[in-house]
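Undergrad: One structure follows; several queries about it will come next.
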Amino acid sequence: MHLLRFDSLPAWVSGVCALWRDRLRMNPALNICLPTGLTPAAVYAELARNVDRGDVSFTRASVFALDEFGGLPADDPGLTRNTLRRQLVSLVDLPSERFHCFDPNGADIEEQCRRYDTAIGRFDLVLLGIGLNGHLGMNEPGSDAGSPTRRVDLHETTIQSSARYFEHGNLPRWGITVGLGPILAAREVWLLATGTAKASVARETVKGEVGLHLPASLLRNHPNCSFFLDSEAGALL
Ligand code: PGA
């Protein structure tokens, strides 16, 4: 795991975006998996500005949403797919048929997940936030390292953390997530963390034991994983 540490949040945003532009230029057909959450929002805003200026393009790329919350109406602004559309997809030149996302209200979730894994093939790049409990996407502690894309129950900490994304108290208790299998099989993985709240789990990820108790720690065995930290998230390292 390469540690990439930045002195400030603006430097962190610029650092992630600079490397993302590089990857898209080197491979315009980049097959990429993207999270939502508070962490990547500024990165998406800057990358959308880069696309607007003509610095880089998504015209040949494919984007897969990392996960989705279940049990909510399709137009809830806090859903992963609506957030990704609002923060990135609708602002860049990605063809709509190459934006892939889950529909938890759809009929056959198992079949949907199977088709998702087939469509993924192999990711060139996966961006991930990190949960306070070390989860990746909705792969909670205890998830199998080879787990496929699937329906999952959310841990209580994840349910409570998700309150930040919703304008109501009807917090989701389950979701659909890209599995640890396709995440760990990606050619490259970037783990993103900012802010003091992530300092402790960042330390645990880098210095603690590698194991299923902390899914993020499994990335230490990945051959090409970078952990992007601002000074606050990296403060205990
Ligand atoms: P956050 O979420 O970016 O909103 O902190 C990260 C996560 O829980 O995976």
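Undergrad: What's the long-distance tail for the chain, i.e. % of Cα pairs beyond 30 Å?
TA: 18 percent
Undergrad: Tell me the accessible surface of HIS222 in square angstrom (1.4 angstrom probe, heavy atoms of protein chains only), to the nearest ten.
TA: 10 Å²
Undergrad: I've got another one for you. Can you give the FRET efficiency to the nearest 0.05 for GLU167 and LEU9, using r as the Cβ-Cβ distance and R₀ = 25 Å?
TA: That pair, GLU167 with LEU9, gives E of 0.50.
Undergrad: With r defined as the distance between the Cβ atoms of LEU237 and ASP103 and R0 fixed at 41 Å, what FRET efficiency is calculated, to the nearest 0.05?
TA: Efficiency computed from Cβ-Cβ geometry: 0.55.
Undergrad: Right, another one. Compute the distribution of all C-alpha to C-alpha distances in the stretch 79-138, in bins of 10 Å from 0, and list the percent of pairs in each, rounded to whole numbers.
TA: All Cα pairs, binned at 10 Å, distribute as 16, 44, 37, 2 percent.
Undergrad: What part of the accessible area of the chain, given as a whole %, is carbon or sulfur when the probe is 1.4 angstrom?
TA: Ligands and nucleic acids excluded, carbon and sulfur reach 51 percent.
Undergrad: Another question, if that's okay. How much FRET efficiency would the formula 1/(1 + (r/R0)^6) give for ALA119 and ALA145, where r is the Cβ-Cβ distance and R0 is 30 Å, rounded to 0.05?
TA: Computed FRET efficiency for ALA119 and ALA145: 0.85.
Undergrad: How would you rank 119-126, 4-11, highest first, on the average number of other Cβ atoms within 10 Å across their residues?
TA: 119-126, 4-11
Undergrad: Could you list the trypsin sites (Lys or Arg not before Pro) in the stretch 138-189 that lie in coil according to DSSP, counting only those with at most 16 other Cβ atoms within 10 Å of their Cβ?
TA: Counting only loop positions with at most 16 other Cβ atoms within 10 Å, the trypsin sites (Lys or Arg not before Pro) in the stretch 138-189 are ARG173, ARG187.
Undergrad: What number does the stretch 44-128 give for Rg over Rh if you use C-alpha atoms and the Kirkwood radius?
TA: 0.98
Undergrad: Quick check: pseudo-label points 7 Å beyond the Cα along Cα→Cβ at ASN221 and GLU110, how many nm apart are they?
TA: Here the answer is 2.7 nm between the modelled labels.
Undergrad: Given Cβ point charges of +1 (Lys, Arg) and -1 (Asp, Glu) and nothing else, what value in debye, to the nearest 20, does the dipole of the stretch 1-128 about its Cα centre take?
TA: 520 debye
Undergrad: Sticking with this structure for a sec: Express the accessible area of the stretch 1-147 per residue in Å², computed with a 1.4 Å probe while the remaining protein chains stay in the model.
TA: Ligands and nucleic acids excluded, the result is 42 Å² per residue.
Undergrad: Can you give the convex hull volume per residue for the Cα atoms of the stretch 1-97, as a whole number of Å³?
TA: 114 Å³
The values are calculated or read from the model by the stated rules, or taken from the named source; none is laboratory data. Keep in mind it's a predicted model, so treat the numbers as computed, not measured. Using ideal geometry, Cβ is built from the backbone for each residue, glycine included, and neighbour counts are taken over all protein chains shown. Just so you know, the surface numbers come from the protein's heavy atoms only, side chains and all, with ligands and any DNA or RNA stripped out. Shrake-Rupley method; radii C 1.70, N 1.55, O 1.52, S 1.80 Å.
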